[in-house]
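Structure, as structure tokens:
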Amino acid sequence: MLQLENVHVSYGPIKAVRGVSLEVKGGEIVALLGPNGAGKTSLVSSVVGLAPTSAGKIRLDGADITGEPTERIVTRGITLTPEGRRVFADLTVGENLQLGAACRKDRDGVAEDLETYLELFPILRKRYAARARMLSGGEQQMLAIARSLMSRPKMLMLDEPSLGLAPRVVDQIFELLHGLRSKGLTMLLVEQNANEALDLADSAYVIASGSLVFGGKAADLKASGEVMEMYLGLEGH
Amino acid sequence: MSDYILQQAFNALSVGGEYALLALGLAIVFSVMNLVNFAHGDMITVGGYAMFLLLMFGVRDPLLVLPFGVLMTVAAALLLERIAFKPVRNASPTTGMLTAFGASIVIQNIALIFGGSRPKAVPTADWIASSISLGSVQIPIVQVLETGVTIAAIIGLVALLRYTTVGLAMRAAAKDVPTVRLMGIKADRVILTAFAISGFLAGLAGIFILARRGAVDPFMGFAPVLKAFVAAVLGGFGSLPGAVVGGFALGIAEVTLQVVLPQEIAGFRDAIVFFLIGVVLVFRPQGILGERPDFGEKS
Amino acid sequence: MSNLVQSAKGALLLGAIVALIAVAATLFAEPFYQRIVFIFMVNLIAVIGLQVFMGNAGITNYGHIAFMGIAAYTVAILVTPIAIKKTALANAPFGLAGMEFGIWTSVAIALLVTVVIAFLVGSMLVRQTGTPASIATLALLVIVHVVIMNWVDLTRGPRAIYGVPVKATLGWAAFCAIAAIFVARLFRDSRWGLQLRAASENIAAASAMGVRIKRLRLAAWVLSAALLGVAGVLFSLFVGTISPRSFYFDLTFLTLAMLVVGGVYSVSGAVIGSVVMTVGFEITRYLENGPSLAGIKLPEMFGLTGVFLGVTIVLCMILRPHGLVGGDEIDEIWRRRSQDRAAGGDVS
């Protein structure tokens, strides 16, 4: 579904990503792992056009989307739940969700999806009229994910959904992602929390200092003690 | 005596309403794209000349002339965004402000070239100059209309910002443009909407400015917007409720001074009002409703 | 210290350009053009004054011309002979109608009044930052204009004050312009200037410096006003007739355009912008009056100069937002180039 060919991302003289190629197939869940500052956020931001792709090609379903404006890429059916959640703090939960569906014309479908996700995230129904700034970190993360889903994407990218959340809440978030997986949603998951991510993912990539150091099956990565230890600071299984 | 006070109160409301309309237009554009639009008043000038031309061609029906003026003000706002502001959209606020300043000079001087510097009288309908009686009090109809239109416009704006998707997007964009784009919303559309709204509010205010002055000249919009800027700073720059509060506060202050100042120093009114506002800002630098500090809040 | 020597050298270079213009005008130009060169010098001082505040404090200033007006009016009121005051300023307050001061006393008092007012206004202003501060400067321009227009006994209101002795010469104007260049350049490269510029680029640094940054901003503001005061005094003592219109938006637009086009962040920008815009402005003004070119009579188009100024500002902001010169002084740019060339030579 999504193919990256030798993608470079630079901010002026600073090179954040140096030639990464990867592929996400339809229905698959891919984990993108790596230490802090490895370029993970830059890479997913470049896919949706929020970071400048200085070289390389990004394809969605075969169509070249490199350099297209963010809003057009999103309407093609791929979206990103950004790092740090970025919910609209002054808007209510309901208004946030409404904006998530802003690019859609099918009113009935939107109402239907809203019902689905309020079912899936009961806390959002409970706090529907509250301003997003009043929500806890975990609740805001759920809102951010639900808001992304409201655009009915073919593929969802999540940037560090567990960042800064209590372990119990992290478990909730991953439970939810497992639920989305069972619905067949294609996902690219950026995580520091490697173990949890690999339990969920079909395949995985590891980047460090802007370059790819591993690409393959999630299970293989788990088995490779070396990579796990060197780049992710974890004991392999 | 109380009749006089009631009359002046209405006067203050209508003057304040005019400033509030203008300050709101400035605040909307500023909140969405961090642009200090010095050319805001010159859109009014464009609308004013448009109405003047229509009247010269013999079209006298206010139901044609007034909407045409508002429409042309909106068109001027949108055109200005395309020509001057879009190219500097990602530049620093100073660059944007100076661009607007330059655009303002251009519009004033084009009006000067084609219209001359002398005010040109605009024939207004008689009913505009008439008054309505409220008990024993005579209130000019312009003031009643202006106050009413201001209140209606504020209610309409609140509704738009609360209940429409583009309104929500504008509120969201005031804090976080990239995430708004992630929703598949065109940043361009949000910005154009902000300009259209600011142009519409300016157009409404322009009608009343024209009605009071009874003439068009190249600076007819620039001068009132100068005051609206001060009102916006007083209320808290970039805050929409602040713009309304600042506008009315300025209107009330002006009319109050007009009433209490002795004849000899009445001419100093504007200087005194600005000075008093400066003193208020010494004690409350963020303005009446402003947040402080808002450094880097926008990402 | 070598830093200041370097900036003095840079100022010398800019000063030489100004001196050259003045000498050439004195030797070769007809009175009409000499007059243009004099006004150019006055505007140049005003633009340099504007640069001292805008370039270092990073706050767009729309109120600078107010100080030029204050100084111009003060010196005119003091120095005008009693005989003329009897008809022009018969009701002047503080007994000024019956007083007449010498030229140097008048100039000194005018500059003092300007600086004191600038200090008082600046103490209020430095509490604001960014856009609100800019709007406050705009309000200042309006306040001063309203006062001049309405304090009829002192200023003749909207009518002109005439009969100011014409004492200023092109030599004096050029001298003051060169001195202004040195002052502005040394301030820019002094510790204060560096700190101010660092703070205007970095909000975190600014808030860490807190009170100190406000004091520095005030210092730049007062220095800026003093230079504008010099410009105002020269204007008054050269033209001999002043009116409120001379110190309002037209001159604000012109001087701001000069600085912005040249480049706000350097004194070189102020000088080069003033030269370029003066040439452009005078050409447009010639066209504005409807001259005959190649036998064709062009129509009069009052407002053409304004269109020129506005269009230049907009184009400059779109194409070259840091102005013709950019962020650095020309001597700094040259030095870097020659260093690069020397370094390049070593490698190959």
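Considering only region B:245-273, state which residues are within 20 Å of the chain's Cα centre (by Cα), open to solvent by less than 30 Å² (accessible area, probe 1.4 Å) and more than 10 Å from chain C (Cβ to nearest Cβ). Residues satisfying the conditions are B:246, B:247, B:250, B:251, B:254, B:255.
Scoring residue A:226 on the criteria (1) farther than 26 Å from residue A:150 by Cβ; (2) surrounded by fewer than 21 Cβ atoms within 10 Å (Cβ to Cβ); (3) touching a residue at least 24 places away in the same chain (Cβ under 8 Å) leaves a single failure, condition (3). Among residues of region C:300-321 that are closer than 12 Å to residue B:112 by Cβ, those with a beta-carbon under 8 Å from a residue that is part of a loop (DSSP other than H, G, I, E, B) and open to solvent by less than 20 Å² (accessible area, probe 1.4 Å) at least six positions away or on a different chain give the pairs C:300/C:290; C:301/C:290; C:303/B:218.
Quick check: is even one residue across region B:34-46 open to solvent by 10 Å² or more (accessible area, probe 1.4 Å), under 26 Å from residue B:231 (Cα atoms), modelled with pLDDT of 95 or more and in a helix (DSSP H, G or I)? Scanning region B:34-46, I find at least one residue that is open to solvent by 10 Å² or more (accessible area, probe 1.4 Å), under 26 Å from residue B:231 (Cα atoms), modelled with pLDDT of 95 or more and in a helix (DSSP H, G or I), so the answer is yes. Residue by residue through region B:57-111, note down the ones that are open to solvent by 60 Å² or more (accessible area, probe 1.4 Å) and away from chain C (no Cβ under 14 Å). Passing the criteria: B:57, B:60, B:61, B:63, B:64, B:67, B:68, B:71, B:72. Restricting region C:44-74 to residues that are hydroxyl-bearing (Ser, Thr, Tyr) and not in a helix (DSSP H, G or I) leaves a set whose member that is farthest from the other protein chains (Cβ to nearest Cβ) is C:62. Scanning region A:101-120 for residues that are away from every other protein chain (no Cβ under 13 Å), part of a helix (DSSP H, G or I) and either open to solvent by 40 Å² or more (accessible area, probe 1.4 Å) or in contact (Cβ under 8 Å) with a residue 40 or more places away in the chain (or both) yields A:108, A:109, A:111, A:112, A:114, A:115, A:116, A:119, A:120. Which number in (1) open to solvent by 10 Å² or more (accessible area, probe 1.4 Å); (2) more than 19 Å from residue A:38 (Cβ to Cβ); (3) not small (Gly, Ala, Ser) marks the one condition that residue A:173 misses? Single failed check for residue A:173: (1). None of C:89, C:170 is in contact (Cβ under 8 Å) with a residue 24 or more places away in the chain, under 22 Å from residue B:264 (Cα atoms) and buried (at least 19 other Cβ atoms within 10 Å of the Cβ) except C:89. For the structure I just gave you, tell me whether residue A:70 is hydroxyl-bearing (Ser, Thr, Tyr), open to solvent by less than 10 Å² (accessible area, probe 1.4 Å), closer than 22 Å to residue A:173 by Cβ and facing chain B (nearest Cβ under 9 Å). No: the conditions fail for residue A:70. Here are some residues: B:184, B:199, B:214. Which one is buried (at least 20 other Cβ atoms within 10 Å of the Cβ), in contact (Cβ under 8 Å) with a residue 12 or more places away in the chain and not hydrophobic (A, V, I, L, M, F, W, C)? None of the others qualify; the one that does is B:199. Here residue B:154 meets the list (1) at pLDDT 90 or above; (2) closer than 30 Å to residue C:63 by Cα almost entirely, failing just condition (2). For region A:121-145, a tally of residues being of a type in the set (Gly, Ala, Ser), over 12 Å from the mean Cα position of the chain (by Cα) and either part of a loop (DSSP other than H, G, I, E, B) or within 20 Å of residue A:187 (Cβ to Cβ) (or both) returns 4. Listed by first and then second residue, the pairs linking a residue in region B:114-134 that is under 21 Å from residue C:250 (Cβ atoms) and within 14 Å of chain C (Cβ to nearest Cβ) to a residue that is in a helix (DSSP H, G or I) and open to solvent by less than 80 Å² (accessible area, probe 1.4 Å), with Cβ atoms under 8 Å apart and 6 or more places separating them unless they lie on different chains, are B:115/B:49. Restricting A:78, A:123, A:145 to residues that are at negative phi, open to solvent by 30 Å² or more (accessible area, probe 1.4 Å) and among the hydrophobic types (A, V, I, L, M, F, W, C) narrows the list to A:123. For residues in region C:92-134 being without any contact (Cβ under 8 Å) to a residue 12 or more places away in the chain and either touching a strand residue (DSSP E or B) at 6+ places or on another chain (Cβ under 6 Å) or of a type in the set (Val, Ile, Thr) (or both), which is farthest from the other protein chains (Cβ to nearest Cβ)? Once the filter is applied, the top-ranked residue is C:116. Against the list (1) at pLDDT 95 or above; (2) touching a strand residue (DSSP E or B) at 6+ places or on another chain (Cβ under 8 Å), the condition residue B:200 fails is (2).
In this structure, is residue C:120 within 30 Å of residue B:237 (Cα to Cα), open to solvent by 20 Å² or more (accessible area, probe 1.4 Å) and of a type outside the set (Ser, Thr, Tyr)? Taking the combined requirement at face value, the residue satisfies it. If the condition is being of a type in the set (D, E, K, R) and over 18 Å from residue C:141 (Cβ atoms), then region B:225-272 contributes B:254, B:264.
Just checking, which of B:153, B:159, B:205 is small (Gly, Ala, Ser) and without any contact (Cβ under 8 Å) to a residue 60 or more places away in the chain? None of the other options fit; the residue is B:159.
Touching a Lys or Arg at 6+ places or on another chain (Cβ under 7 Å) and either part of a helix (DSSP H, G or I) or not aromatic (Phe, Trp, Tyr) (or both) - does that describe any residue in region C:80-91? Yes, there is a match, as at least one residue in region C:80-91 is touching a Lys or Arg at 6+ places or on another chain (Cβ under 7 Å) and either part of a helix (DSSP H, G or I) or not aromatic (Phe, Trp, Tyr) (or both). Scanning region C:167-184 for residues that are at pLDDT 90 or above and β-branched (Val, Ile, Thr) turns up C:178, C:181, C:183.
Evaluation of residue A:18 against the conditions (1) away from every other protein chain (no Cβ under 14 Å); (2) free of Cβ contacts under 8 Å to residues at least 40 places away in the same chain shows that the sole unmet condition is (2). Candidates are the residues of region A:73-100 that are at the interface with chain B (Cβ under 7 Å from one of its Cβ atoms) and of a type in the set (Ser, Thr, Tyr); the one that is nearest to residue A:157 (Cα to Cα) is A:79.
Taking the criterion of being within 14 Å of chain A (Cβ to nearest Cβ) and in contact with a Gly (Cβ under 7 Å, 6 or more places away or on another chain), the only residue of region B:183-206 that qualifies is B:183.
The values are calculated or read from the model by the stated rules, or taken from the named source; none is laboratory data. None of these values were measured; they are calculated from a predicted model. Here the Cβ is made from the backbone with ideal geometry for all residues, glycine too, and neighbour counts use every protein chain on show. For the accessible areas, the whole protein counts, side chains as well, though only heavy atoms, and no ligand, DNA or RNA atoms are used. Shrake-Rupley method; radii C 1.70, N 1.55, O 1.52, S 1.80 Å.
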